[in-house]
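Down below is the structure, laid out as structure tokens.
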Amino acid sequence: MPAAESARPAVLHLVTDPRRRGAQNLARDLHAELLRRGHGSELRSLQPHPDAPGAPDATAVGDAEPLGPGRYHPATLRALRAAARRADVVVAHGSSTLPACAAALFGSRTPFVYVNIGDPRHWAASPVRRLRTGLLLRRAAAVAAISDGAREVLLDHYRLPARSVRTIPNGRAADRYPPAADEADRQAARAALGLPAEGPLLAWVGALAREKRPDLALDALALLPGVHLAVAGDGPLRAEAAARDTTGRAHFLGALTDPAPLYRAADALVLTSDSEGVPGVLVEAALAGLPAVATDVGWVRDVVRDGVTGRLVPPGDAAALAGAVEKLLADAHGALGAAARRHALERFDLAVVADAWQGLLAETARRGSRRTV
């Protein structure tokens, strides 16, 4: 039964599909943490996806069971409306869930909170798109932005009421991303992944898609003699990326259900995207004490503080990326890695993030309850 009058409202988390990607990972972690704190919490997806893996282990909570055959299929929207009746608040994770909730929950007693993961300027390419997105965002009872910068963009571009947009950082459970205990632990992680025991190792984690720019990482690798690159991810550019490697030092691992062993195995993370919000992969690596070299896009600098927790480079510049990697490797697992972990624990640990979410959910549920009295 819904629990709007209590401090622990029942929550329905909605993701686009069951894959383990940025928005879905935050939804899974928050769902598990709210359950642990005594909330009623359910995790569902709008549609299935052929590349979605099963749960990685017995401790995983929720497999985001699809509501219907397609994200905006009438049967999906009807199932979403029915599932929302069991909750006090729906939390919509990812851009596809915004129009789905706006349509399915129109006139419903259950309010929804939209979680803005990426750069909201992506939707403002034309006046028509900006108007349409603004109308959809106003259907949400609240919007959670993962950065103060993203909040300012939402307020400026879409003229949303300031009271309805809350900054709540991206988060991950720190205990799932422990740093390597010692060199033996690092070597064991490399061996388990089939990676070379000797030499510097960079990690690249993400979807092999255009906006993630795996080509940039491979071009930088060619400028770094003796360095190896472990690529964790899959996508439409996998064959193209493999063909681009002229060094023989790139290792394609496919999609990992758990990237934590790779963070323990590596000396640094590289993020090469042309567009991002606050990437969860940077948070995960930082919690594992792994410094990063990242393109300075979106709100990446919320996690990577240049010269303090890692290095920032302009997007699209392989030479700058390689130069920054060389500087970072001189300090791998030293001051930068330790500072990255401290910063991540203070700002992005799920325990801290979930406190903020509990406040927003309770406030939203109370407002929704008053509307229906």
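Annotations
- Cβ-Cβ distances below 8 Å connect the following pairs, each with a first residue in region 204-232 that is within 19 Å of Pro261 (Cβ to Cβ), a second residue that is aromatic (Phe, Trp, Tyr) and part of a strand (DSSP E or B), and a separation of six or more residues or different chains: Leu229/Trp204; Ala230/Trp204; Val231/Trp204; Val231/Phe252; Ala232/Trp204.
- Breaking point among (1) under 25 Å from Asp219 (Cα atoms); (2) crowded, with 18+ Cβ neighbours inside 10 Å; (3) of a type outside the set (S, T, N, Q), for His343: (1)
- No other residue among Thr247, Thr257 is open to solvent by 50 Å² or more (accessible area, probe 1.4 Å), polar (S, T, N, Q) and in contact (Cβ under 8 Å) with a residue 24 or more places away in the chain apart from Thr257.
- Residue within region 285-296 that is open to solvent by 20 Å² or more (accessible area, probe 1.4 Å), at negative phi and free of Cβ contacts under 8 Å to residues at least 60 places away in the same chain present: yes
- Number of positions in region 2-22 that are modelled with pLDDT of 90 or more, under 18 Å from the mean Cα position of the chain (by Cα) and either closer than 18 Å to Val113 by Cα or acidic (Asp, Glu) (or both): 5
- The residues in region 241-259 that are assigned to a helix (DSSP H, G or I) and either out of contact with any helix residue (DSSP H, G or I) (no Cβ under 8 Å at 6 or more places or on another chain) or within 21 Å of Ala197 (Cα to Cα) (or both) can be counted, and the count is 2.
- Selection of region 33-53 for residues being crowded, with 19+ Cβ neighbours inside 10 Å and either free of Cβ contacts under 8 Å to residues at least 24 places away in the same chain or hydrophobic (A, V, I, L, M, F, W, C) (or both) yields Leu34, Leu43, Leu46.
- The condition (being touching a strand residue (DSSP E or B) at 6+ places or on another chain (Cβ under 7 Å) and among the hydrophobic types (A, V, I, L, M, F, W, C)) is satisfied by just one residue among Val308, Val304, Val297: Val304.
- Within region 161-213, tally of residues that are open to solvent by 30 Å² or more (accessible area, probe 1.4 Å), among the hydrophobic types (A, V, I, L, M, F, W, C) and farther than 11 Å from Ala265 by Cβ: 4
- Some residue of region 83-102 being at pLDDT below 95 and open to solvent by less than 30 Å² (accessible area, probe 1.4 Å): yes
- Condition met for Thr97 (touching a strand residue (DSSP E or B) at 6+ places or on another chain (Cβ under 6 Å) and free of Cβ contacts under 8 Å to residues at least 60 places away in the same chain): no
- Exactly one residue out of Phe106, Phe112 is among the aromatic types (Phe, Trp, Tyr), surrounded by fewer than 16 Cβ atoms within 10 Å (Cβ to Cβ), out of contact with any Asp or Glu (no Cβ under 7 Å at 6 or more places or on another chain) and at pLDDT 90 or above: that is Phe106.
- Exactly one residue out of Thr59, Thr133 is modelled with pLDDT under 95 and touching a Leu at 6+ places or on another chain (Cβ under 9 Å), and it is Thr133.
Yes or no, residue by residue, for (1) surrounded by fewer than 21 Cβ atoms within 10 Å (Cβ to Cβ); (2) modelled with pLDDT of 95 or more; (3) more than 21 Å from Gly194 (Cβ to Cβ); (4) more than 21 Å from the chain's Cα centre (by Cα):
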{"site": "Gly226", "(1), (2), (3), (4)": "yes, yes, no, yes"}
{"site": "Val231", "(1), (2), (3), (4)": "no, yes, no, no"}
{"site": "Arg301", "(1), (2), (3), (4)": "yes, yes, yes, no"}
{"site": "Leu312", "(1), (2), (3), (4)": "yes, yes, yes, no"}
{"site": "Leu321", "(1), (2), (3), (4)": "no, yes, yes, yes"}
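- Restricting region 132-160 to residues that are in contact with a strand residue (DSSP E or B) (Cβ under 9 Å, 6 or more places away or on another chain) and of a type in the set (Asp, Glu), the residue that is surrounded by the most Cβ atoms within 10 Å (Cβ to Cβ) is Glu152.
- Comparison of Gly359, Gly289 shows that the only residue that is within 20 Å of the chain's Cα centre (by Cα) and not charged (D, E, K, R) is Gly289.
The values are calculated or read from the model by the stated rules, or taken from the named source; none is laboratory data. Just so we're clear, the structure is a prediction, and the values are computed from it rather than from any experiment. Quick reminder, even Gly has a Cβ in these numbers, built from the backbone with ideal geometry, and neighbours come from all protein chains shown. Note: accessible area is taken over every heavy atom of the protein model, side chains too, but ligands, DNA and RNA are not part of it. Shrake-Rupley method; radii C 1.70, N 1.55, O 1.52, S 1.80 Å.
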